[in-house]
Amino acid sequence: MTIDTKQSYSRQRPIKEGDRLYKYWCQRYKLFSRFDDGIQLDEESWWSVTPEDIAKHIATRVCTKTGTENAVILDAFCGAGGNAIQFASHSPYVRVVCCDIDPVRLRLAKHNAKIYGVARQCEFILGDAMQMIPSLNVNYIDAAFFSPPWGGIEYLSKEKYSLDMMKPSGYDVVELCRKHITDNIAFLMPRNTDQVELCKRLLNRDNQEIEFEQNMIGKKTKTITAYFGRLINSDEEINYDDDSADYEEF
Ligand code: MGP
Ligand code: SAH
């Protein structure tokens, strides 16, 4: 399905103090450094977009670890494009398959990718990732990135977050991807994720490994990324130079 690219967008309206999205508005340049060039977000994107420094870090790692300059990355829950833009920005040779079930958000992803000058490197597919994954050509995708909805901004109300609380379940997403596409997976998840449960559920074959990475901005952990397959770092590789986002491996 092709996306209508001719739709024009007015400038994002400022969000006022008192609005529940105001705290995200205050972080707008952390979400997109080029926000003022015309970035557009809808309500759900405001609270689910990956901050730019974290998205850039994940992109550097994923693209580098694929071992090919012409990496093709699947971003199966692309939202308004926070991660997809950084994958494509890593190198002009990287291609990104961007999928989202929401047509409005997919259009926003394309619009925002144009602002960063990387839309031509991206293919935008409207649909359910769970149906799309089994239909993809397995030889084509080098790595997959997943950042599904966590069930709203209330995700922190549980002390331990289970990937089963995601819709679709994060466990089903990983299993489907491993079965049909690749073991090379990066999965963005809440900072309160139950990592013990995750290991019990997903380390189901000999020699399988998972590496968890805490994604911090300043001193605050924002998200956790779990890496699988070839995306796992060896012990010598655990540090990346980065200005404003810090990463702790554990
Ligand atoms: P947050 O906890 O809502 O924000 O989300 P923050 O600023 O840490 O809130 P505070 O009040 O604790 O200071 C932190 C980050 O998690 C967001 O910036 C998003 O990148 C990511 N995120 C949050 N949600 C609810 C989702 C989601 O549903 N899906 C995805 N993929 N990412 C999310
Ligand atoms: N990483 C993105 C944010 C992703 S938010 C960014 O940085 O911008 C999660 C997205 O998953 C939402 O846009 C939502 O529409 C989409 N989504 C939810 N269920 C889906 C499904 N079954 N298949 C594909 N996309 C889905």
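The values are calculated or read from the model by the stated rules, or taken from the named source; none is laboratory data. These numbers come from a predicted model, not from an experiment. Don't worry about glycine lacking a Cβ; one is built from the backbone with ideal geometry, like all the others, and counts go over all protein chains shown. Note: areas computed on protein heavy atoms with side chains; ligands, DNA, RNA excluded. Shrake-Rupley method; radii C 1.70, N 1.55, O 1.52, S 1.80 Å.
Can you work out the accessible area per residue across segment 6-102, with the rest of the protein chains kept in place, probe 1.4 Å, in square angstrom?
Computed with neighbouring chains in place, this is 46 Å² per residue.
Could you list, in their original order, any pairs among K65/K110; K30/K114; K65/K200; K158/K222; K23/K220 whose Cα atoms are separated by more than 21 Å?
Violating the 21 Å limit, Cα to Cα: K65/K110; K65/K200.
Under a 10 Å cutoff between Cα atoms, tell me which one of S162, S48, S234 has the largest fluctuation in the Gaussian network model of the chain.
Residue with maximal mean-square fluctuation among S162, S48, S234: S234.
Residue by residue through segment 77-83, what is 3J(HN,Hα) from phi via Karplus (6.51 cos²θ - 1.76 cosθ + 1.60, θ = phi - 60°)? Round to whole Hz and write x for glycine and proline.
Ordered by residue, 3J(HN,Hα) equals 10, 6, x, 7, x, x, 7 Hz.
222 nm [θ] for the chain, helices only, -39500 (n - 2.57) per DSSP H run of 4+, per residue, to 500?
Per the formula, -8000 deg cm²/dmol.
About the Cα centre of segment 38-153, how large is the charge dipole given +1 on each Lys and Arg Cβ and -1 on each Asp and Glu Cβ? Please answer in debye to the nearest 20.
Roughly 340 debye, rounded to the nearest 20.
Principal axis lengths of the chain from Cα atoms, whole Å, largest first?
That gives 53, 39, 34 Å along the principal axes, largest extent first.
For the chain, what relative contact order do you get, as a whole percent, if you take Cα pairs closer than 8 Å and at least 6 residues apart?
Worked out over the chain, it gives 15 percent.
So what J values fall out for segment 209-214 if you push phi through Karplus, 6.51 cos²θ - 1.76 cosθ + 1.60 with θ = phi - 60°, rounded to Hz, Gly and Pro as x?
So the Karplus estimates, Gly and Pro as x, are 9, 9, 10, 9, 10, 8 Hz.
First check a/c for segment 70-123, with a ≥ b ≥ c the square roots of the eigenvalues of its C-alpha gyration tensor; if it is under 1.5, answer rounded, and if not, answer prolate when a/b is larger than b/c or oblate otherwise.
oblate
Segment 115-212: which GluC sites (Glu not before Pro) are DSSP loop and have at most 16 other beta-carbon atoms within 10 angstrom?
E159, E209
Taking 30 Å as R0, compute the FRET efficiency from the Cβ-Cβ separation of K220 and N139 and round it to 0.05.
Efficiency computed from Cβ-Cβ geometry: 0.15.
Step through the residues of segment 166-181 one at a time and calculate ³J(HN,Hα) from phi using the Karplus curve (6.51 cos²θ - 1.76 cosθ + 1.60, θ = phi - 60°), rounding each to whole Hz and writing x for Gly and Pro.
Along segment 166-181, the couplings run 6, 10, x, 4, x, 5, 5, 4, 5, 4, 5, 5, 4, 6, 9, 10 Hz.
Picking from I39, I73, I217, which is most flexible by a Gaussian network model of the chain using Cα springs under 10 Å?
Taking springs between Cα atoms under 10 Å, the residue moving most is I217.
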